[in-house]
Amino acid sequence: MITALLLAGALASGDEGVRAAREEFNAAIARRDAVAIGRLLAPGYHIVTGRSDQSHGARVEAERWAARFASDPAVAYRRSPREVRVNEAWGLAEETGDWTGSFTSGSSRGRAAGVYAAKWQRALDGRWLIQSEVFTTMSCEGPAAACPPPDPIEEVKAGSAGRLAHPAQKLKITVLSTMLTSGQGVGEWGFAALVEADGKRWLIDTGARAETVLRNATELGIELSDITDVVLTHNHADHTGGLLTLRRELAVRNPKALSRAHVGAGIFEPRLQPDGKDANGLRPLVAAYEASGGVFVVHDGAEELSPGVWFTGPVPRVHSERNWSGSLKVRTGGGLAEDTVAEDSAIVIETGQGLVIVTGCGHAGIVNIVDHARKTVGGASVHAVIGGLHLFPASDEQLAWTAARLREAGLVHLLGAHCTGIEAVFRLRDLANLSRRTAVVAAVGASFTLGPGIDPLALAR
Ligand SMILES: [Zn+2]
Ligand SMILES: [Zn+2]
């Protein structure tokens with residue numbers, strides 16, 4: 001009898017502990033406290049949202065809430081447990097219940113409701129933490145824009161071209177500025193690459209130092225003066241530093257060389273340092289570039305530059321990857337806001353093997369870039385990612401999440417240059433099931449060719 005009573009008491013305490021933690025979670029949402037939300041999540045937390053989006057990691061989830069509170073100050077959610085079942089011996093619990101929410105999507109307000117299941121686990125210090133949550137939306141009221149249904153489930157097969165209209169037959173991408181060298185050229189904290197697709201050629205970014213790309217191309221025996229179009233992925237000086245020198249030097253041989261610069265909308269916005277100075281790396285070059293006959297082509301959405309070669313325009317930030325430094329501010333109608341490098345754009349090339357993506361610094365987040373590329377260009381698998389992924393400061397958790405998404409997208413080749421980070425390339429290699437031949441740290445002159453794959457040169461072989 002006493003044992004039974006004790007057991008009942010223990011069960012009640014677990015049940016109450018979970019319910020109290022759930023109330024803490026509701027209170028944290030109500031007072032817009034993403035940090036408090038993060039403290040209620042286990043490090044490996046996983047969520048399947050009401051729209052069937054998924055994300056992984058307590059830090060990622062806390063950042064998702066922080067971004068939500070910032071963009072939608074009136075957002076409100078409440079979870080009400082119906083039943084909590086506890087395994088006291090193992091410190092596990094399942095909570096099922098009902099949820100309601102009201103939120104802004106674009107400019108429309110929506111209200112939704114549904115059911116959920118949460119798995120809790122007691123931590124060593126006795127606190128209950130959420131391991132995973134699955135939300136199912138049962139109703140959503142509001143304009144259609146506020147209540148988009150889940151994305152359809154698309155099956156991704158590596159090597160599938162999907163519905164691509166203009167797959168490139170021949171494609172080569174050569175890195176012209178990055179940190180590492182392998183005997184030819186000089187290294188720097190910067191990025192530039194040459195894209196050659198079916199006879200057309202583009203320069204993507206221009207390196208950090210004025211002379212780097214020019215000298216590296218000369219040493220590698222690569223002629224750049226027939227290239228008319230340069231793509232600037234974002235404003236940072238480590239991508240724009242060579243623009244004027246390249247334009248002036250190459251114009252001697254071809255007046256049209258690099259005379260058109262494709263950029264994402266918003267690239268000219270000032271980026272303010274704490275002392276109020278503007279750190280935009282492109283603005284100081286605009287007048288001289290235009291005086292030399294150069295023209296900026298500003299894109300606010302995805303555009304096909306030539307059949308099968310796309311400029312993404314600013315990549316929407318669906319996942320909160322936060323791949324930027326966070327030290328600069330931009331002016332907005334409501335005062336100063338964190339500079340998220342909103343103009344960050346990438347190049348996407350259609351091939352018979354899937355999409356090939358070239359990214360400068362990946363500030364939009366490589367998963368956002370991949371998702372956007374598949375949405376705008378075609379639902380094909382991603383055959384190769386080349387360039388800077390800004391994952392050098394990423395946590396193990398973020399790398400695991402990123403690798404899982406890249407694996408889902410069918411990634412076969414990764415040529416990680418510039419700010420991708422050395423450790424990050426090796427982690428992604430393991431976690432995304434790539435190999436020594438297919439996941440490589442880029443050196444100056446390293447290349448990816450459709451068919452043969454990556455030529456890493458000697459050092460990174
Ligand atoms: Zn950058
Ligand atoms: Zn960079």
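The values are calculated or read from the model by the stated rules, or taken from the named source; none is laboratory data. Please read all numbers here as calculations on a predicted model, not as lab measurements. For neighbour counting, all protein chains shown are included, and Cβ atoms are generated from backbone atoms with ideal geometry for every residue, glycine included.
The number of residues in the range 328-357 being in contact with a Leu (Cβ under 7 Å, 6 or more places away or on another chain) and either within 16 Å of ligand 2 (Cβ to nearest atom) or of a type in the set (Gly, Ala, Ser) (or both) comes to 2. When ALA443 is tested against the conditions (1) away from ligand 2 (no atom under 16 Å from the Cβ); (2) under 19 Å from the mean Cα position of the chain (by Cα); (3) surrounded by 21 or more Cβ atoms within 10 Å (Cβ to Cβ), the lone failure is (2).
Among the residues of the range 184-209, those identified as of a type in the set (A, V, I, L, M, F, W, C) and free of Cβ contacts under 8 Å to residues at least 40 places away in the same chain are LEU194, ALA208. Residue count for the range 365-411 satisfying the condition of being within 16 Å of ligand 2 (Cβ to nearest atom) and among the β-branched types (Val, Ile, Thr): 4. Scanning the range 270-316 for residues that are out of contact with any Lys or Arg (no Cβ under 8 Å at 6 or more places or on another chain), charged (D, E, K, R) and assigned to a strand (DSSP E or B) returns GLU303, GLU304.
When ALA337 is evaluated against the numbered criteria (1) away from ligand 1 (no atom under 14 Å from the Cβ); (2) part of a strand (DSSP E or B); (3) touching a residue at least 12 places away in the same chain (Cβ under 8 Å), which criterion, by number, is the only one it fails? Going through (1) away from ligand 1 (no atom under 14 Å from the Cβ); (2) part of a strand (DSSP E or B); (3) touching a residue at least 12 places away in the same chain (Cβ under 8 Å) one by one, ALA337 breaks only (3).
Conditions (1) surrounded by fewer than 24 Cβ atoms within 10 Å (Cβ to Cβ); (2) among the hydroxyl-bearing types (Ser, Thr, Tyr), marked per residue:
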position: VAL356; (1), (2): no, no
position: THR359; (1), (2): no, yes
position: ARG374; (1), (2): yes, no
position: VAL382; (1), (2): no, no
position: GLY387; (1), (2): no, no
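Screening ALA165, ALA146 for residues that are modelled with pLDDT under 95, surrounded by fewer than 14 Cβ atoms within 10 Å (Cβ to Cβ), in contact with a strand residue (DSSP E or B) (Cβ under 8 Å, 6 or more places away or on another chain) and more than 27 Å from HIS418 (Cβ to Cβ) leaves exactly one candidate, ALA165.
Whether any residue in the range 369-384 is in contact with a Gly (Cβ under 7 Å, 6 or more places away or on another chain), within 13 Å of ligand 1 (Cβ to nearest atom) and part of a strand (DSSP E or B) is what I want to check. No: zero hits. Of all residues in the range 262-288, which are touching a helix residue (DSSP H, G or I) at 6+ places or on another chain (Cβ under 8 Å) and within 14 Å of VAL231 (Cβ to Cβ)? The answer is LEU282, and nothing else. Being within 13 Å of the chain's Cα centre (by Cα) and more than 16 Å from VAL318 (Cα to Cα) narrows it down to one of ALA380, ALA403, ALA373, ALA417, so name that one. Testing whether each residue is within 13 Å of the chain's Cα centre (by Cα) and more than 16 Å from VAL318 (Cα to Cα) leaves just ALA403. Kindly check whether there is at least one residue in the range 210-221 that is within 30 Å of SER327 (Cα to Cα), touching a residue at least 40 places away in the same chain (Cβ under 8 Å) and either surrounded by fewer than 17 Cβ atoms within 10 Å (Cβ to Cβ) or away from ligand 1 (no atom under 16 Å from the Cβ) (or both). For the range 210-221, residues within 30 Å of SER327 (Cα to Cα), touching a residue at least 40 places away in the same chain (Cβ under 8 Å) and either surrounded by fewer than 17 Cβ atoms within 10 Å (Cβ to Cβ) or away from ligand 1 (no atom under 16 Å from the Cβ) (or both): absent. Taking the range 188-220 as the range and being away from ligand 2 (no atom under 13 Å from the Cβ) and in a strand (DSSP E or B) as the test, the residues that pass are LEU194, VAL195, GLU196, ALA197, LYS200, ARG201, TRP202, LEU203.
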